[in-house]
Amino acid sequence: MQFISLVALATIITLSSAETLEEKAKRAGLVPIPASKNEILKLVDDFRNPITDAKIELGQKLYFDPRLSKSGLLSCNTCHNLAIGGADGLSTAIGHKWKDNPHHLNSPTVYNSVFNAVQSWDGRNPDLEDQVQGPIQAGAVMAAPKELIVQRITSIPTYVNEFKNAYGDNVRIDFKKIADTIALYERTLVTPSRFDTFMLGNENALSQAEKEGLDTFISKGCTTCHYDIGIGGTMQPFEVVN
């Protein structure tokens, strides 16, 4: 009769029950962005304002339009620059009259922000639609009253026609509709990465060094705050989130 030593038996049990890094990541609360565009759409779409190509195109134009600021110099893209990661790279955001943010806040990335549980550094906005309205009106950011924005947009025939194309001939172009259209565009700014591919089962999507980094990220407790899809969690900094 052949016997297996206790050490060998323990090794076999350990190997058979070993948790893969992907499983460990999922147990820590990390969730991949789907690979399918249709599956992503299901996650980011809002029944209150369903996403369409016409609305996306209109929202994109509004996002880049500096006429949505009082000075006519600042657009959403000024602080959330899509060419450099959806932010501005500054430690403190610059707003109206080129002044620093009075609360010394920087601009968080707009990429994948749709996955954040709440919006803004202090979590005061429940969704992107609510968040977009704030910076446009804030004196330290774009400083534009609602009435001014509506007057400017409705004075431009091309915009009026595009709102009708997106929402129908009877659309009411008010401040909320303008903000909601920008938010709809922001909902589409989703960036699946090799990390998501790895989490979906492709072990070769990450290098060995990246896998070690992911393991450390989990083991050191970073997933306490940075979890779920997009690894955004609530996005609030320490001593702010409840």
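The values are calculated or read from the model by the stated rules, or taken from the named source; none is laboratory data. Just so it is clear, the structure is predicted and the values come from calculations on it, not from any experiment. FYI the Cβ positions are ideal-geometry reconstructions off the backbone, even for glycines, and counts take in every protein chain you see.
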Check Asn242 against each of (1) at pLDDT 95 or above; (2) touching a Gly at 6+ places or on another chain (Cβ under 9 Å) and name the one condition it does not meet. (1)
Quick one: how many residues across region 96-126 are closer than 17 Å to Thr181 by Cα and surrounded by fewer than 16 Cβ atoms within 10 Å (Cβ to Cβ)? 1
Go through region 76-95 and give me each residue that's among the β-branched types (Val, Ile, Thr) and buried (at least 16 other Cβ atoms within 10 Å of the Cβ). Thr78, Ile94
Filtering region 47-61 down to residues that are basic (Lys, Arg) and assigned to a helix (DSSP H, G or I) yields Lys55, Lys61
Run Ala138 past the list (1) over 30 Å from Lys70 (Cβ atoms); (2) hydrophobic (A, V, I, L, M, F, W, C); (3) touching a His at 6+ places or on another chain (Cβ under 9 Å) and report the number of the one that doesn't hold. (1)
Does Ala205 count as in contact with a Lys or Arg (Cβ under 8 Å, 6 or more places away or on another chain) and free of Cβ contacts under 8 Å to residues at least 24 places away in the same chain? yes
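Without any contact (Cβ under 8 Å) to a residue 60 or more places away in the chain, out of contact with any Lys or Arg (no Cβ under 8 Å at 6 or more places or on another chain) and under 27 Å from Asp228 (Cβ atoms): does that describe Gly123? Walk me through it before giving the result.
Values: without any contact (Cβ under 8 Å) to a residue 60 or more places away in the chain: no; out of contact with any Lys or Arg (no Cβ under 8 Å at 6 or more places or on another chain): yes; under 27 Å from Asp228 (Cβ atoms): yes.
Judged against the criteria, Gly123 is not a match.
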Just one of the numbered conditions (1) buried (at least 17 other Cβ atoms within 10 Å of the Cβ); (2) within 25 Å of Glu162 (Cα to Cα); (3) acidic (Asp, Glu) is not true of Glu22; which one? (2)
Tell me, which residue of region 62-91 that is polar (S, T, N, Q) and in a loop (DSSP other than H, G, I, E, B) is farthest from Asp174 (Cα to Cα)? Ser91
When residues of region 202-229 are filtered for being modelled with pLDDT under 95 and in contact with a Leu (Cβ under 8 Å, 6 or more places away or on another chain), how many remain? 4
Could you count how many residues in region 26-46 are among the aliphatic types (A, V, I, L, M), in contact with a strand residue (DSSP E or B) (Cβ under 8 Å, 6 or more places away or on another chain) and not in a helix (DSSP H, G or I)? 3
